[in-house]
Amino acid sequence: QVQLVESGGGLVQLGGSLRLSCAVSGLTFRLYNLSWYRQAPGKERELVATITSAGATAYADSVKGRFTISRDNGKNTVYLQMNSLKPEDTAVYYCNADPGGPGRFEYDYWGQGTQVTVSS
């Protein structure tokens, strides 16, 4: 069974840092694209960052320069390093894995989410 388990969320002050982790099992990790999404109350889920199976990265404009996504294929884990946090970063953060190509949306997987709260 495929499982994605996020951890590392918490409460932090404006300007602080957190590192989120997502441990993945049940799939061939190195072949999947990994993404972090977030969802605030009353808002739609938004894509924050992606790292492809080849290691290419992309970021939402709102987090570019502050967040870094990385992956460790030996540990089957994807990370999101979040620096210079702002209150608008407050959300539940979700890990997503997809195989790319035609199966990108049909065969993706989600974690349970981890709460990040940034106070001012």
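Given 4 °C and 1.567 mPa s, compute D for the chain with the Stokes-Einstein relation, Rh being the Kirkwood radius over Cα pairs; round to the nearest whole µm²/s. Can you show the working numbers first?
Numbers: Rh = 14.3 Å.
For the chosen part, D equals 91 µm²/s.
Report Rg(Cα)/(2.2 N^0.38 Å) for the stretch 3-74, keeping two decimals.
So the stretch 3-74 has a normalised radius of gyration of 1.18.
At 0.36 nm per residue, and after removing the present C-alpha to C-alpha distance, how many nm does the segment from L14 to Q1 gain when stretched out fully?
Gain in length upon complete extension: 0.9 nm.
Compute the normalised compactness of the stretch 3-43: alpha-carbon radius of gyration over 2.2 N^0.38 Å, N being the residue count.
My calculation over the Cα atoms of the stretch 3-43 gives 1.48.
How far is it, in nm, from the label point at W110 to the one at R66 when both lie 7 Å from their Cα along the line to the Cβ?
Taking the two extended label points, one gets 2.4 nm.
What do you get for trypsin sites (Lys or Arg not before Pro) in the stretch 1-66 restricted to DSSP loop and a cutoff of at most 13 other Cβ within 10 Å of the site's Cβ? Could the numbers behind the result be given before it?
Details: sites: R19, R30, R38, K43, R45, K64, R66; in loops: K43, R45, K64, R66.
Taking the stretch 1-66 and a limit of 13 other Cβ atoms within 10 Å, the loop trypsin sites (Lys or Arg not before Pro) found are K43, K64.
Given the protein chains as shown and a 1.4 Å probe, how many square angstrom of D98 are accessible, to the nearest 10?
Rounded to the nearest 10, that gives 10 Å².
For the chain, what is the accessible area per residue in Å², given a 1.4 Å probe and the full set of protein chains?
For the chain, the per-residue accessible area is 53 Å².
Using a 10 angstrom Cβ neighbour count of at most 10 plus a DSSP loop assignment to flag exposed GluC sites (Glu not before Pro), which longest range of the chain is free of such sites? Spell out each step's value before the answer.
Numbers: sites that count: E44, E106.
It works out to 45-105.
The values are calculated or read from the model by the stated rules, or taken from the named source; none is laboratory data. On a predicted model such as this, the values are computed, not experimentally measured, just so you know. Here the Cβ is made from the backbone with ideal geometry for all residues, glycine too, and neighbour counts use every protein chain on show. Note: accessible area is taken over every heavy atom of the protein model, side chains too, but ligands, DNA and RNA are not part of it. Shrake-Rupley method; radii C 1.70, N 1.55, O 1.52, S 1.80 Å.
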